[in-house]
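The values are calculated or read from the model by the stated rules, or taken from the named source; none is laboratory data. Please read these numbers as outputs of a predicted model, since none were measured by experiment. Glycine also receives a Cβ, built like all others from the backbone with ideal geometry; neighbour counts cover every protein chain displayed.
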Amino acid sequence: MSEVGPTGGLSPSDTHALMRLAWALSRFREVYPKATLRQASAFLAVAVTPGYGPTEYAKALGTVQPVASRWLLDLGSNGREHEGLGLLERRVDPENLRQVQYTLTPDGDVLARSIAQAVRGKAGAH
């Protein structure tokens with residue numbers, strides 16, 4: 001159970017953790033200012049479990065495959081209606097040529113590590 005703050009709200013440690021999370025999400029928004037929380041969640045899903053396709057990510061994100069595909073495309077090199085962010089790489093599954101897999105690009109890897117540092121509260125996170 002968490003300690004309670006002086007006004008009955010969040011504890012100082014909870015407040016600090018949430019501030020780190022907000023800063024981590026702001027790192028993502030620096031790259032993609034119009035990003036939604038869902039798109040950031042899709043990016044993090046690929047960072048945590050690379051190599052899945054849109055169907056698996058849709059299940060993990062609590063949405064349907066066409067919606068997850070749009071988020072993933074926007075995070076890749078070719079967005080739906082504009083140039084993508086270049087954070088994800090889309091590859092054909094060598095075992096099933098009708099399936100695709102998503103992994104982080106080098107830029108995506110740098111961003112994922114920056115977010116992880118921010119959440120851990122390492123130097124440069126404030």
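Within the stretch 82-108, which residues are surrounded by 13 or more Cβ atoms within 10 Å (Cβ to Cβ) and without any contact (Cβ under 8 Å) to a residue 12 or more places away in the chain?
Passing the criteria: only GLY84.
Restricting to the stretch 11-21, name every residue that is assigned to a helix (DSSP H, G or I) and either under 13 Å from the mean Cα position of the chain (by Cα) or hydroxyl-bearing (Ser, Thr, Tyr) (or both).
The initial filter retains those residues of the stretch 11-21 that are assigned to a helix (DSSP H, G or I), namely 12-21.
Matches in the stretch 11-21: SER13, THR15, LEU21.
Could you grab me the full set of residues in the stretch 32-62 that are β-branched (Val, Ile, Thr) and surrounded by fewer than 18 Cβ atoms within 10 Å (Cβ to Cβ)? Spell out the reasoning first.
To start, the set of residues in the stretch 32-62 that are β-branched (Val, Ile, Thr) comprises 36, 46, 48-49, 55.
Selection gives THR36, VAL48, THR49, THR55.
How about the stretch 46-96: which of its residues are more than 19 Å from ARG29 (Cβ to Cβ), of a type in the set (Lys, Arg) and in a helix (DSSP H, G or I)?
LYS59, the sole residue that qualifies.
Would the stretch 103-117 turn up any residue that is at pLDDT 85 or above and in a loop (DSSP other than H, G, I, E, B)?
The answer is yes, given that some residue of the stretch 103-117 is at pLDDT 85 or above and in a loop (DSSP other than H, G, I, E, B).
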